[in-house]
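Q: The structure's right below; bear with me while I get my questions together.
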Amino acid sequence: MNISYRWIRELVPGLSDTPEVVAERLALLGFPVEGLHPLASGLDDIVVARVLEAGPHPDADRLSLCRVDAGTGEALQVVCGAPNVRAGACYPFVPVGGTLPDGTRIRKAKIRGQHSFGMLCSPRELGLGADHAGILELGVSDPPGTPFVAALGLDDVRLDVEVTSNRGDLLCHLGVARELAPDGPAAGDGPGLSPIPDAPEVAFTLRSHPERVEVEGVVVRTEAPERCRRFLGALVRGVRVGPSPDWLQTRLRAVGLRPINNVVDATNYVLMELGQPLHAYDLAALSGPEVVVRMASRGEAVRTLDGEDRTLDADMLVIADAERTVDVAGIMGDEGSSVTAETTDVFLECAHFDPPGIRNTRKVLGIASDAGYRFERFVDPDGQERALARCLALILATAGGELHPVVADVHPRPWTDSTVTLRLARVERVLGVPFRAEAVTALLTPLGFRCAPGAGPDTLSVTVPSWRGADVTREVDLIEEVARRHGFHRFPDTLGAFRPGTVPDHPLFRLEDRLRDVLCARGFLEAQTPAFVPEAEGEVRLQNPLSHEEPVLRRRLLPSLLRRLAYNLARGNRDVRLFELGTSFSATPEGELPAEEPRLTLVLTGARTPPHWSASSEAVDIWDLKGILQAVAETAWGPEAEVAPGGGDAFPGVPGLTLTVTGPEGRPLGTGGVVAPAGLDLPPWAGTVLGLEMTLPAEPRDRPAPTARPLPAYPPVDRDLALVVPDAVPASDVEALARATAGEALESVQIFDLYRGEGIPSGTRSLALRFRFRHAQRTLTDDEVDHATRRITDRLAEEWGVHVRGA
């Protein structure tokens, strides 16, 4: 939000702080100033000059040859390329040797055979706007040679104030003035407004009705009362549209706006002063004449003031006449009804629109406007009459005309100020510092809050002003205001007594912490990706997406994490291990909330171990992923979770190199494997990419507390067997059957070799397994171990035809 320092000083009598001090005060109140921009910076060499003569250049069709009086006592010849230079008018001028704000030094030049002794400047060349179509004409009476800064009153500083989205009342000078006023007046009055030169007395009466009002043949009605709380319309006849006076143009340029004409400039002035958007229509361009607030028809088209053709949806609010749309309500008007130099009669609109509707329309259409920016952040619903009167006074003072004494007021939903009870004990409990009722009242009253004794002891009944009706709705909101006005920097920095909470963490949070421990120990880093994804990756559509490219909530987490992996690889990071704990969303029957599911996903690529000079590391493969998958599955689901070959259709894996996690009754819990490179944007040197995504239990069971056991007192007995196993039999099944057959003496089974080749029949492979036997209370004999080994081999042969290699 651009704020003029001079403007603020006019609204806050007695404010003598420098711009730097004002910026510091705003920052302490919670609104940091991102920049201070002196408007006169770089304009020291600019003076006011009067053009004595202006004629065509003898050797160039698009250039003018001018004689200029710059106060030096002699006329200077200047070559100019702007079409709007005329004799008798005054313009900003840079003489030879002077510099522009961008540092360009002006030198004597020869252009198409004619000497030029200086430069007449456009607003863009002066850093006062983006207009470069013509030279800035000055309506000043100062003599030639007067410094430009003094003539236009540009000894001002622009403050770029950062305003949070809940404080729409600060998007104007009056709102900022309330924050800076040291001892505000009675609630609701606020700081005073700047006087308008030559402003006549403005008085009107309201003709009110919830649906339809007619004033002097102009019908104003609403068909969307839920989207438009109030609509005021005033008629001014006989205006003379032209340039605004210099003081008004200077005021608008100080906040970064481009002057247009006296009528439009009046609406922009009130917008920046009071925060209320207004719109002026050429009454002759309104068919009927009728002004209707209604919903758009699907596919309806309008060309807005920025020259763009817009196609509207049925959920967008518009303002129309009897035949066509003339305004995207609260955002931008159309070209056909705007005020021009030929306009004589003006219909002035001042309305209050529903913020969510304005926000949705603006984002869908991609329009950025000052009016829409304010409406979607809540505009003061009780400030319309004052804003309308202020704007009418400006129009009558600068453009003349006659105001019709009756103003149409279509008012379907009157505003009522809310009242919140504030407990002083609660203030102390939250802020840690006691506050008396008198102190709280003194802090809140300058902001417009009306404080009265509450129903109970040590309570206040606080009436919230209309301009804060959107963001102050609870007791804690008032406590925040007390803290802001008291000053966060004034609270003690000592930690008071407190009692730690006794409520345990949710079991899912504890499970996520255990999974973090497991994965971080294996070299993974946690990532957090947004839940918003492209349309192809989800089915739950957002009503108000942040961007058109990501309009849905993610169905799966893996695609987002793969994009993070590709991002790292594109920047030369070859070894990537990332995991994310997040939520997936799936569609449900209409009227129900989307189904949410906690999930774990991870991706990895690169070396198996960190680089070291002593040895080279191999790349990770499917077996590394299987070990990780077994660890996280057991942590999340317990020993009943099983990892087996094969993957679901949703996993973008390479056939034959995928794994599935199943739970009780064969319920699928997740998939992982080698990710197919076709769907990835990877550099040519990238290695194999592995990934997995697994569902987490919504209500995990607490794991039993670990118990300590003494080390075994008796030695183990190992038996190594090379078994010829059919390819169709998973090694995990061989291990499981061996454990079930060997008895309690079998302590562990470990596969330490895999062989295919000579001597091994086709369709089989050789698995070397080490069986470790141990008894807890005595030493095992060889006969006992041999007997257990024979039971294993006999059972394997019976079940799958597995036999000992070489036997």
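The values are calculated or read from the model by the stated rules, or taken from the named source; none is laboratory data. It should be emphasised that the depicted structure is a prediction, and the values quoted were computed from it without experimental measurement. Glycine also receives a Cβ, built like all others from the backbone with ideal geometry; neighbour counts cover every protein chain displayed. Heads up: the accessible areas ignore ligands, DNA and RNA and are worked out on the full protein's heavy atoms, side chains in. Shrake-Rupley method; radii C 1.70, N 1.55, O 1.52, S 1.80 Å.
Q: May I ask for the distance between the Cα centers of segment 512-557 and segment 752-801, given as a whole number of Å?
A: 46 Å
Q: Can you give the relative contact order of the chain as a percent, counting alpha carbon pairs under 8 Å and 6+ residues apart?
A: Averaging sequence separation for qualifying contacts and normalising by length gives 8 percent for the chain.
Q: Give me Rg/Rg_expected for segment 672-777, where Rg uses Cα atoms only and Rg_expected = 2.2 N^0.38 Å with N residues.
A: In units of the 2.2 N^0.38 Å rule of thumb, it is 1.58.
Q: Sticking with this structure for a sec: Using the crude model of +1 on Lys and Arg Cβ and -1 on Asp and Glu Cβ, and no other charge, please compute the dipole size for the chain relative to its Cα centre, in debye to 20.
A: 1340 debye
Q: Please compute the net charge surrounding residue 277, taking Lys and Arg as +1 and Asp and Glu as -1 over other residues with Cβ under 10 Å from its Cβ.
A: Here the count lands on -1.
Q: What whole number of Å gives the distance from the Cα centroid of segment 6-75 to the Cα centroid of segment 365-414?
A: Between the Cα centres of segment 365-414 and segment 6-75 lies a distance of 29 Å.
Q: Next up: Based on the mean of other beta carbon atoms within 10 Å per residue, what is the order of 18-29, 251-262, most packed first?
A: 251-262, 18-29
Q: Let me ask another. Explain nothing, just compute: Karplus ³J(HN,Hα) = 6.51 cos²θ - 1.76 cosθ + 1.60, θ = phi - 60°, for every residue of segment 18-30 in order, whole Hz, x for Gly and Pro.
A: In residue order, the calculated couplings are 6, x, 5, 5, 4, 4, 5, 5, 5, 4, 5, 7, x Hz.
Q: Tally up the carbon and sulfur contribution to the accessible surface of segment 125-267 as a whole percent, 1.4 Å probe, everything protein left in place.
A: Whole-percent figure for carbon plus sulfur exposure: 50.
Q: Kindly work out what percent of the DSSP beta bridges joining two residues of the chain are antiparallel, to the nearest 5.
A: If I count the DSSP bridges inside the chain, around 95 percent turn out antiparallel.
Q: Using helices alone, what [θ] at 222 nm do you get for the chain, with -39,500 (n - 2.57) per DSSP H run of 4 or more residues, divided over all residues and rounded to the nearest 500?
A: About -7000 deg cm²/dmol.
Q: According to the square roots a ≥ b ≥ c of the eigenvalues of the Cα gyration tensor, what is the shape class of segment 194-298, taking rounded for a/c under 1.5, prolate for a/b larger than b/c otherwise, and oblate for the remainder?
A: Taking the square roots of the gyration eigenvalues as a ≥ b ≥ c, segment 194-298 is prolate.
Q: Here is a follow-up. With +1 on each Lys and Arg Cβ and -1 on each Asp and Glu Cβ, and nothing else charged, work out how big the dipole of segment 355-434 is about its Cα centre, in Debye to the nearest 20.
A: I would put it at about 520 debye.
Q: Mind checking the angle between helix 731-742 and the chain's longest principal axis? C-alpha axes, 0 to 90 degrees, to the nearest 10.
A: It is inclined by approximately 50 degrees.
Q: Further, regarding this structure: Ignoring ligands, DNA and RNA, what percent of the accessible area of segment 604-726 is carbon or sulfur (1.4 Å)?
A: For segment 604-726, the apolar C and S fraction of the accessible surface comes to 58 percent.
Q: Taking Cα atoms of segment 564-680, Rg/Rh with Kirkwood Rh, to two decimals?
A: The Rg/Rh ratio comes out at 1.02.
Q: Specify which residue in the list 90, 161, 150 is farthest towards the positive end of the charge dipole of segment 24-180, using unit charges on the beta carbon of Lys, Arg (+1) and Asp, Glu (-1), about the Cα centre.
A: 90
Q: If one computes the Cα centroid of segment 640-675 and of segment 214-279, what distance in Å separates the two points?
A: Centre-to-centre (Cα) distance: 64 Å.
Q: Mean 1/r over all different Cα pairs, inverted: what Kirkwood radius does the chain give, in Å?
A: Kirkwood radius, the chain: 33.9 Å.
Q: Spelling out what I want: for every residue of segment 573-584, take phi, set θ = phi - 60°, compute 6.51 cos²θ - 1.76 cosθ + 1.60 (Karplus), and round to whole Hz; glycine and proline get x.
A: Karplus values, whole Hz, x for Gly and Pro: 8, 7, 9, 10, 9, 10, 9, 9, 10, x, 10, 9.
Q: Right, another one. With a 1.4 Å probe and all protein chains left in place, how much accessible area per residue does the chain have, in Å²?
A: For the chain, the solvent-accessible area averages 49 Å² per residue.
Q: What's the carbon and sulfur percent of segment 1-108's accessible surface, probe 1.4 angstrom, rounded to a whole number?
A: 47 percent
Q: Tell me, what HN-Hα J-couplings in whole Hz come from the Karplus equation 6.51 cos²θ - 1.76 cosθ + 1.60 at θ = phi - 60° for each residue of segment 340-355, using x for Gly and Pro?
A: Per-residue couplings from phi come out as 10, 5, 8, 5, 10, 10, 10, 9, 9, 9, 9, 10, 10, 10, 5, x Hz.
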